[in-house]
Amino acid sequence: MRYLFFTNTPAHVHLYKHAVRRLDERGHDVLVLARDYTCTVDLLEWYDLPYEVYGRCGTTKGSLLSRLPAHYVRAIRSAHRFDPDLVFGMGGYAAHTGAVIATPTVLLIDSEPASFDHTVSTPFARAVLTPNTFRKDLGERHYVFPGVKECAYLHPDVYEPNPSIRDRLGVGSDEPYAILRLNAFGSQHDVGKRGIGEADRRRIVERLADHATVLVSDESGETDLEGLPARPFDLHPALMHDALSQARLLVADTQTMVTEAAMLGTPAIRSNSFVGDDDMGNFVELENQGLIHNVASTDEIVERSTSVLARDDVDETWRRRRDEFLSDKANLTEVIVDVATADGRVDDLESVRQFDGAVAAEPSRSVGLGSD
């Protein structure tokens with residue numbers, strides 16, 4: 001069999017990297033079509049995955065829109081040359097390419113707000129896979145798996161932390177550190193959304209620095225750290241999960257890294273304009289499990305972060321909560337490989353079930369900071 005995977009962002013590389021390797025090891029032909037966006041290509045090189053670049057774009061919405069036609073032309077040409085039996089992706093690029101070359105496509109989606117992308121992509125898919133926390137019906141070909149997409153690379157079956165990460169970061173063996181992760185908000189589904197502003201970033205850094213060494217990871221590269229008690233995260237991006245696994249706290253206005261922190265048993269505080277009554281199901285579930293906190297204001301960020309950093313039992317408590325959460329969750333890499341070898345026909349697979357209208361619970365009184 002011949003399998004084609006689209007990786008449009010760094011998170012997509014992590015999502016599919018183990019499945020690509022396992023299918024290759026089984027003797028299948030595999031190709032990754034990549035968009036050169038932030039560190040996507042750096043990760044593909046690091047993991048030595050077989051790839052071709054179909055296009056490039058920056059972190060602004062205009063950068064993507066102006067290049068979209070050329071991206072499609074090159075993606076379709078590359079896909080036609082490779083002649084896959086099945087295409088994997090997360091949206092329009094994969095779905096439309098599969099349709100043009102008359103190849104079935106499997107979409108893996110986890111973001112409910114991306115309604116436009118769902119509308120233009122899901123009609124072309126043989127199967128649409130989402131976490132079982134997904135709160136939106138995507139039609140008769142919508143199937144769910146137990147877990148979140150980050151279970152493809154941070155499930156305990158596939159991930160082991162790098163024991164040398166503290167040396168690489170230049171922090172002591174017992175030195176607490178916190179990571180501030182900032183989003184560029186350049187994706188289509190980020191239109192009209194906002195994160196942590198410049199003045200609030202400075203206030204947060206100053207407060208975090210009272211309790212821990214502060215590392216800043218800014219997707220846009222525009223944050224000015226001059227005069228602040230913080231330094232940039234300057235290791236290879238492939239080492240971010242290792243750094244996150246040892247962090248005392250993550251504060252972020254992005255999405256993926258918050259879920260990754262939860263999978264690693266690291267407390268996370270998420271603040272952006274997605275937070276609210278219509279929030280995504282996975283973040284509702286993770287907060288209900290006491291793994292993350294979704295907040296709307298800088299005051300809440302400061303209050304929650306101070307409470308977490310003052311605790312002596314953070315590592316033990318959050319990792320116990322993580323273990324409880326993951327106890328019945330799938331290793332998503334195995335699910336992807338199962339779907340691939342079933343040619344995208346998933347009805348008979350035990351690892352997924354058809355979406356039945358059940359959605360994640362509404363936000364409850366989450367497990368509190370002092371409830372253990």
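All of the numbers you see were taken from the coordinates with simple rules; none came from a lab. What you see is a predicted model, and the numbers here were worked out from it, not measured in a lab. Glycine also receives a Cβ, built like all others from the backbone with ideal geometry; neighbour counts cover every protein chain displayed.
Each 5 Å bin, from zero up to the one with the longest distance, holds this percent of the alpha carbon pairs of segment 165-325: 1, 9, 20, 23, 22, 15, 7, 2, 0. Which angle between 0 and 90 degrees, to the nearest 10, do you get for helix 198-208 versus the longest principal axis of the chain when only C-alpha atoms count? Tilt of helix 198-208: around 60 degrees. Residues of segment 8-29 with amide nitrogen under 20 Å from the 7 Å Cα-to-Cβ point of Asp36? Inside the label zone: 8-14. In order along segment 39-54, phi translates into HN-Hα couplings of 9, 4, 5, 4, 5, 4, 5, 4, 8, 6, 9, x, 9, 10, 8, 9 Hz, rounded to whole numbers, per the Karplus curve 6.51 cos²θ - 1.76 cosθ + 1.60 with θ = phi - 60° and x for Gly and Pro. Couplings 3J(HN,Hα) for segment 260-277, derived from phi with the Karplus relation 6.51 cos²θ - 1.76 cosθ + 1.60 (θ = phi - 60°), are 4, 4, 4, 5, 9, x, 9, x, 9, 10, 10, 9, 7, 7, 6, 5, x, 4 Hz, where x marks Gly and Pro.
Full extension of the chain between Ala209 and Glu324 gives 38.3 nm of extra length, using 0.36 nm per residue less the Cα-Cα distance. What's log10 of I(q)/I(0) for segment 15-99 at q = 0.11, 0.12, 0.22, 0.25 Å⁻¹, Debye sum over Cα points only, no solvent? After summing over all Cα pairs, the log10 values are -0.30, -0.36, -1.19, -1.42. Backbone amide hydrogens, once placed in the peptide plane, bring Val216 within less than 5 Å of Leu180, Arg231, Phe233, excluding anything fewer than 5 places away on its chain.
In the calculated pair-distance distribution of the chain, the portion above 26 angstrom amounts to 50 percent of the Cα-Cα pairs. For segment 165-325, averaging the sequence separation of C-alpha pairs within contact (under 8 Å, six or more residues apart) and dividing by the residue count gives a relative contact order of 24 percent. Per-residue extension of 0.36 nm, minus the Cα-Cα distance of Arg77 and Asp167, leaves a gain of 27.9 nm for this segment. Could you check the simple spin-label distance between Asp356 and Asp299, using points 7 Å along Cα→Cβ, in nm with one decimal? Taking the two extended label points, one gets 4.4 nm. Relative contact order of the chain, taken over Cα pairs closer than 8 Å and 6 or more residues apart, is 17 percent. Relative to one another, the C-alpha centroids of segment 62-132 and segment 205-262 are positioned 31 Å apart.
Stretched out straight at 0.36 nm per residue, the stretch from Asp343 to Asp137 would grow longer than its current Cα-Cα span by 71.9 nm. Database remark: amide H of Thr105 closer than 5 angstrom to the amide H of Val87, Arg126, Ala127 (H placed geometrically; neighbours at sequence offset of 5 or more, or on other chains; Pro and chain starts carry no H). Taking amide H positions as modeled 1.01 Å from N, with prolines and chain starts lacking one, the residues under 5 Å from Ala268 and 5 or more places away or on another chain are Leu250, His293.
Taking Lys and Arg as +1 and Asp and Glu as -1, the other residues whose beta-carbon sits under 9 Å from that of Val216 total +2.
Neighbour counting of Cβ atoms within 10 Å sorts the residues Met1, Met257, fewest neighbours leading, into Met1, Met257. Normalised by 2.2 N^0.38 Å, where N is the number of residues, the C-alpha radius of gyration of segment 211-305 stands at 1.08.
In this simple spin-label model, placing a label point 7 Å from the Cα along the Cα-to-Cβ direction at both Val100 and Glu175 gives a separation of 5.0 nm.
Secondary structure note: in the chain, about 5% of the DSSP beta bridges are antiparallel.
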